[in-house]
Every structure is written in structure tokens, then in C-alpha cells.
Amino acid sequence: MPSEVWDKVKDHPCYSESAHHHFARMHVAVAPACNIQCNYCNRKYDCANESRPGVVSEKMSPEQAAKKLLVVAASVPQLSVLGIAGPGDALANPEKTFKTFELAAQLVPDIKLCLSTNGLLLPDYVDRIHALNVDHVTITINMVDPEIGQHIYPWIFFKNKRWTGIEASQILHEQQMKGLEMLTERGILCKINSVMIPGINDQHLVEVNRAVKSRGAFLHNIMPLISAPEHGTAFGLQGQRGPSAQELKAVQDKCEGGANVMRHCRQCRADAVGMLNEDRSTEFTNDKVDAMEASYDPTPRQNYRELVERQRRDRMAAEMLSLGDMAGLRNDIKILIAVASKSEGKVNQHFGHANEFQIYEASTAGAKFVGHRRVDLYCQGGYDDEEKLPHIIRAINDCHAVLVAKIGACPRDELKKAGIDPVETHAFEYIESAVIAYFKTYLQQVASGQIMHQNRGDADIRQGAYTAAA
Ligand code: CLF
Ligand code: SF4
């Protein structure tokens, strides 16, 4: 990656997989209105592009958003990005969105500004986005063929008129492509979000990937449809299902070689605060922020960035070291390994405390991050919730092993029965080197005949994103 691009993404938890182990984002919900209807969104809830439907956010003014940024930056040194991702569309609320960015840049000059939009009004605002130094823009593009689009978008509102059917999708598509081209011409990094809807656009996403790559998109984030009936979305009510874990991975894999594929998106809320795998929004509600005082101090933030640079160097050195000695081992085997990690890119979480597992694909080429699986907590603070265990096992059912800092006897036995190896021996190691070390042992056991390699089945994707701790 060219160094000027790396400098832009290395601290952005969404644009760099490596950064998401170290850096946090916050969203401010200053944009309630929307100008289109997506069949996966229920307007009573947050924007499904960037948050789970079903979690109501507190809306706020640009001034409240700026104060919240100051407070969060003072107490969360990992914070590197301020995003506007709804709960409607950032550009359907342009004055509030741009005022918020102006205030943010004045108050916390080292914050990155990030905007997410459906793209309908993008061509009108690209120059303003550029002038404000917003150098990360996400466009949700679910199709490049209006025939397909008409099954996703029942209507749009454009130039004082409501459009429906194929005409609506044609306009949306043209605006999205034009907006993307205008952004990349100006050197703004663009990420494309696509919701994978089985039977509607799943196979078409490869074409979407090609189309956005040819227009300069930096990253393509393919996310599973969330469509539980209780969310009240059109798709949810029609019984439209989301993809399984292996279906999602297959489409992401097919897109490899085109625009870079993002696989670590957590489909967060429009008011999310914290690392991608957590939500601290309830610590920073409007009334709590009103009562707090804060001022901008760059020193702890700079110290934290230096610490991360040291950890990154260590992690890479450990990975390189572990990659030795692969010669002679079978290179036709790939396995998935689930990892419980809370921070720093290490195997450092107890099985029962994990609200997600990171999934790595191990092969003789190394350890590659391929996704994550959200789960309900097994340990409920003082007791274990046995009913959760079958769901957790189904979420990592396609994995051969799960690496954890620690695990109790009951889940260990159940995992073994399901054919998943629970492993504590790599506790507190960096993930990549731990995954490679486990895989080497696995291949050696296959070579010696101690075990027989078998492919695993599919796994479930849990509906819904993180909710804040109570
Ligand atoms: Fe927010 Fe989006 Fe910016 Fe990230 S989220 S506006 S690019 S700072 Fe990130 Fe959240 Fe996925 Fe979005 S994990 S939903 S991709
Ligand atoms: Fe909902 Fe976002 Fe689609 Fe608007 S763009 S309908 S808020 S998902």
C-alpha cells in the first residue's frame, strides 16, 4: 500500500483491519431524515447501513455532537474517527452534518472525519466534503443494475418528486456512480457498503465489486442482511432470509482480487461509541455529556498512537517468526480458527466473556482474517448460561478450533463433542502467530496419522449488532 494511503488508513478502525484491534470510532446521530426507502430499513429505528435496526438512538444537534466528541476524546484515547452515519442519511441533513464536521475539526484537530451516505445527493456535496477535509466517505451500493435495485428500493425522493420502481433505482444508481467518481478524482478514500440479500443481489455483488473498483473505490464491505421479523422491515416481514456464514464468506472470497474486501464490519449503531467490538454509547448519553467538562489534550492520544506502533511491530515480528518451518507441510489444507480477543490483536479473552469470535483462515500461506461471529455472552457474571452454548457453537461450527485465554470444563466438553478443539495453550499471544502455531501442530498431526483432516460444515450469523452494556 502506498505510504500516503497507509497514513490515511492506519488509525481508521474500519478502513484498516489491523487498526480495528487498536482504534475506536464514535458516531453522532445528527442526521435523522432520509430521502430513500430501503427494504431492509425500518425508519422507526437506526439506519441499517451503519447500524442495527431495532436500536433507537438519541438524536442531537451539531453543538451537542461537538461537546460529546470533546468528552469522548478526553476519556477514550483510542478514539480516532468521528463518523456521521444516520440514523437517516448524512446528506439528506446537510446543514447539520457539515456544521458538526466544522465544529469537530476546530475542537479536536487530530480527529478523522468520516461520512456515510446512500449516495443520492452525493454529486451536489462532493466539493463541500472535500473543502471540509472529510477524507473517508462510505456509499451504500447494493446494485449496479436497476432491475435488481427495484427489489431493494421501493422509492426515492429526488428533485422534489417521489420516484418508484425501476426509474427510482436508475436515478439512485447514476447518482452513486457519479458521486463515487467525483470523490475518487479528489483523492477521497471511498468505502462501498453492500448488504448481501440472498436471492436478490448475492451473486450480483461480484459485478458491484468490479464496477466500484473501476471507479477507484478503496474498500468493499459486504455485510449480511439483518432481517429479523421483529425489526419490522419490509424484508423482515416478507421472510427474506440473510446469508449463512459460509454463503457470506463465499461471496467475499469471489470478490478477492477486485476492490479490497472488508470483513470486519460490525454493522454498528448510528450512535455507537468505542472499539468496533464494543458499544459504550450508554456511558455518553446526552444528559451525561451535558453534565461533564472536558478539554482537548493531544498528549495522551499521541502517547497511545506510539504504543500502538510498538505493538504493531512486535506483532508483525512474531508472525514472521512463526511462519518459518512450513516447508514440507501439506499446502492443500485450509482450516478456520475462532479466536477470543478483546484488544491489542492478542488471544486474551475468556470463552465465557466473548461477545464475538474473530475468524482466521489458516493455511501454509499464513493466518488470514476472514470475519467475525457475534454471540451472546456465555458467562452472565456469577453463573453460566447453558442455553447460550448451542447458539455459540452454531456460530463457530465451521471452525476446527477456538483459541481462548481460558475456558471452563462444561463448554470445553461441549465444544469437543461438536468437533471443535478448545485451546488455551496460546493464551496472551498475538493472534496470527498463535493461529499459525496451532495450524502447524494440526498439519503435523495429520501427517503422522494421529488425526484425519475433514472439512467442517456451515455456521450461523447471529441477527443484530452489539448493544451497550446495561
Ligand atoms: Fe462509522 Fe462507517 Fe466511518 Fe466506520 S462505521 S461512518 S466507516 S467510522 Fe465501520 Fe461500523 Fe461497519 Fe460502518 S464497523 S458499520 S464500516
Ligand atoms: Fe434506512 Fe439508511 Fe436506507 Fe435511509 S439509506 S432507508 S436510513 S437504511
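The values are calculated or read from the model by the stated rules, or taken from the named source; none is laboratory data. Just so you know, these numbers come straight off a predicted model, no measurement behind them. Neighbour counts are summed over all protein chains in view; Cβ atoms, including those assigned to glycine, are modelled from backbone coordinates with ideal geometry. Surface areas here come from the heavy atoms of the whole protein model, side chains and all, with no ligands, DNA or RNA. Shrake-Rupley method; radii C 1.70, N 1.55, O 1.52, S 1.80 Å.
Residues in segment 437-462 that are closer than 19 Å to ARG315 by Cβ and either within 24 Å of the chain's Cα centre (by Cα) or open to solvent by 20 Å² or more (accessible area, probe 1.4 Å) (or both): ALA437, TYR438, LYS440. Of the residues that make up segment 110-120, is at least one of a type outside the set (A, V, I, L, M, F, W, C), assigned to a helix (DSSP H, G or I) and open to solvent by 10 Å² or more (accessible area, probe 1.4 Å)? No, every residue in segment 110-120 fails to be of a type outside the set (A, V, I, L, M, F, W, C), assigned to a helix (DSSP H, G or I) and open to solvent by 10 Å² or more (accessible area, probe 1.4 Å).
Of the residues ILE359, ILE333, ILE337, the single one that is outside any helix (DSSP H, G or I) and farther than 22 Å from LYS388 by Cβ is ILE333. Count of segment 251-266 residues, restricted to those that are within 30 Å of LEU377 (Cα to Cα), more than 13 Å from the chain's Cα centre (by Cα) and crowded, with 18+ Cβ neighbours inside 10 Å, is 2. Against the conditions (1) over 28 Å from PHE235 (Cα atoms); (2) within 15 Å of ligand 1 (Cβ to nearest atom); (3) surrounded by fewer than 24 Cβ atoms within 10 Å (Cβ to Cβ); (4) modelled with pLDDT of 90 or more, VAL71 satisfies every one except (2).
Looking at ARG269, is it assigned to a loop (DSSP other than H, G, I, E, B) and crowded, with 19+ Cβ neighbours inside 10 Å? Against the criterion (assigned to a loop (DSSP other than H, G, I, E, B) and crowded, with 19+ Cβ neighbours inside 10 Å), ARG269 qualifies.
Any residue that is more than 16 Å from ligand 2 (Cβ to nearest atom), buried (at least 23 other Cβ atoms within 10 Å of the Cβ) and part of a strand (DSSP E or B) - is there at least one of those in segment 4-15? No.
Could you tell me which of the residues GLN246, GLN240, GLN252, GLN267 is touching a residue at least 24 places away in the same chain (Cβ under 8 Å), touching a Lys or Arg at 6+ places or on another chain (Cβ under 9 Å), farther than 29 Å from VAL28 by Cβ and of a type outside the set (A, V, I, L, M, F, W, C)? On inspection, the qualifying residue turns out to be GLN252.
Pairs linking a residue in segment 67-91 that is in contact (Cβ under 8 Å) with a residue 24 or more places away in the chain to a residue that is aromatic (Phe, Trp, Tyr) and within 16 Å of ligand 2 (Cβ to nearest atom), with Cβ atoms under 6 Å and 6 or more positions apart or on different chains, are LEU91/TYR125. Could you list, in sequence order, all residues of segment 364-409 that are surrounded by fewer than 22 Cβ atoms within 10 Å (Cβ to Cβ), in contact with a Leu (Cβ under 8 Å, 6 or more places away or on another chain) and more than 30 Å from LEU321 (Cα to Cα)? Within segment 364-409, ASP385, LYS388, ILE393 qualify. Taken over segment 366-389, the criterion of being part of a helix (DSSP H, G or I) and free of Cβ contacts under 8 Å to residues at least 24 places away in the same chain is satisfied by LYS388 alone. For ILE226, the criteria (1) in a loop (DSSP other than H, G, I, E, B); (2) farther than 26 Å from ASP7 by Cβ; (3) modelled with pLDDT of 95 or more hold in every case but one, which is (3). Note on segment 132-210: enclosed strands (runs of 3 or more DSSP E) holding 2 or more residues that are open to solvent by less than 40 Å² (accessible area, probe 1.4 Å) are 136-140, 155-158, 189-196. Of everything in segment 410-452 that is of a type outside the set (A, V, I, L, M, F, W, C) and assigned to a strand (DSSP E or B), the residue that is nearest to LEU321 (Cα to Cα) is TYR430. Among the residues of segment 79-109, just one is open to solvent by 20 Å² or more (accessible area, probe 1.4 Å), among the aliphatic types (A, V, I, L, M) and within 16 Å of ligand 2 (Cβ to nearest atom), namely ALA92. Scanning segment 111-128 for residues that are away from ligand 2 (no atom under 16 Å from the Cβ) and closer than 17 Å to VAL28 by Cα yields ILE111, LYS112, LEU113. Selection within segment 16-33: residues that are buried (at least 24 other Cβ atoms within 10 Å of the Cβ) and more than 12 Å from ligand 1 (Cβ to nearest atom). The member of this set that is farthest from PRO198 (Cα to Cα) is VAL30. Residues in segment 354-363 that are touching a residue at least 60 places away in the same chain (Cβ under 8 Å) and more than 16 Å from ASN277 (Cβ to Cβ): ALA362, SER363.
ARG310 meets all of the listed conditions (1) open to solvent by less than 60 Å² (accessible area, probe 1.4 Å); (2) free of Cβ contacts under 8 Å to residues at least 60 places away in the same chain; (3) of a type in the set (D, E, K, R) but one, namely (1).
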